[in-house]
1. Which of 145, 313 has the fewest other C-beta atoms within 10 Å, and how do the rest follow up to the most?
2. So, R0 is 35 Å and r is the distance between the beta-carbons of residue 394 and residue 168; what FRET efficiency does that work out to, to 0.05?
3. Test of understanding: express the Cα radius of gyration of the stretch 191-371 as a ratio to 2.2 N^0.38 Å, with N the residue count.
4. Using a cut-off of under 14 Å, list every residue of the stretch 72-95 whose amide N is near the label point 7 Å from the Cα of residue 51 along the Cα-to-beta-carbon line.
5. In Å, what Rg and Dmax follow from the Cα atoms of the stretch 209-268?
6. Can you compute the FRET efficiency between residue 109 and residue 258 using 1/(1 + (r/R0)^6), with r the Cβ-Cβ distance and R0 = 25 Å? Round to the nearest 0.05.
7. Multiply the residue separation of residue 364 and residue 70 by 0.36 nm, subtract the distance between their alpha-carbon atoms, and state the gained length in nm to one decimal.
8. Given the Cα-Cα distance of residue 337 and residue 96 and 0.36 nm per residue of separation, how much length would full extension add, in nm?
């Protein structure tokens, strides 16, 4: 980024004097965004909209990551075309969403999300696509269309409010996002309390971006979170699930965990786990912390190596300390190991659903991973081969390894299963063969009526 940026000829009038009323436009030689780094699908969408007479900009995390020299996960497009006009431009387009109506355009295997420029307010009597509905200050529907300038000011963070213009390859900055990128600062656009009231999930997004980008959180955000964090309890649990998955499967799970705890939001998302981490028993608290940190470090390593990570395994790891506490109570009432884990798993998941709505397809796999742990701890003989052939065995085995790495007393079992998986042929047969029994002396049977010779012996 160079210092020769120019301002656009058109100004945006703001009542807030702290806003930049005239955008700063960075010409192509003054920034690092290149079409060579933009996906073919996104470019096709941008050019199609432009050729149809509409404005078309790459916006959001794609622009931010390109400016930071990172590889974007996906690309989003903003335009002055309405959703219906966008759909008319693309045969493979469908409109989704109620809170925000968006267009999903499929190009090959890639889906590009296209949004119409939005403004900050509207009239309740307008068309359904022109309404902004709030409940207690929280935005529940926002389809008020506006200009590029208005769209820039209604976004959440300044670093996500940068626009790459396909018409002249410039980057347009209304909110001071470029200086914030340069200074590694995460700053919310507008009054943090008002923006958090509109959408409490922005607090979680602040944590996610700060952890992912390594940015420092602006003091205004830090100061507002303590008074606003309880608003997360008003967010639908299904939406919190989506955000939790983004936070912990984005490659910065360890930093996110630390920031969530520091700002008092982890206890709102996972009250059972937080109770373990804050336990009066120092041993329990240390064990829970060690296990979660080990699990999240492993997750970050897999993401860095571009290996698959699944929400089911993530929740199995996050909720395990709470399950162990519950299972210990059940064992104290006489339940066996397998039954205690099964019952505890059902209870822990049921309580968590009240905060974070884990989909059934995910929770079933999570519980299968847990339920296989007693078998992995005790199974020997030919039955082990049948267990190894089960669908969730690999995930359950990896979980056993994780438990051993976190210091649980299952290293011996972990080593045995590792040898079994790495062996074949006679070596494998020897591992699963039942232990040899010592030969028993057979007692000679007497015929009927035959007396024991010892009875004829005369005592000395």
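Values in this text are rule-based calculations from the coordinates and carry no lab data. Not measured: the values here are computed from a predicted model. Here the Cβ positions follow ideal geometry from the backbone for every residue, glycine too, while neighbour counts run over all protein chains shown.
1. Sorted ascending by nearby Cβ count, the order is 145, 313.
2. After rounding, the FRET efficiency stands at 0.10.
3. Output field value: 1.05.
4. Residues 89-91 fall inside that zone.
5. 11.6, 30
6. Rounded to the nearest 0.05, the efficiency is 0.10.
7. 102.3 nm is the gain from fully extending residue 364 to residue 70.
8. That works out to 82.1 nm of additional length.
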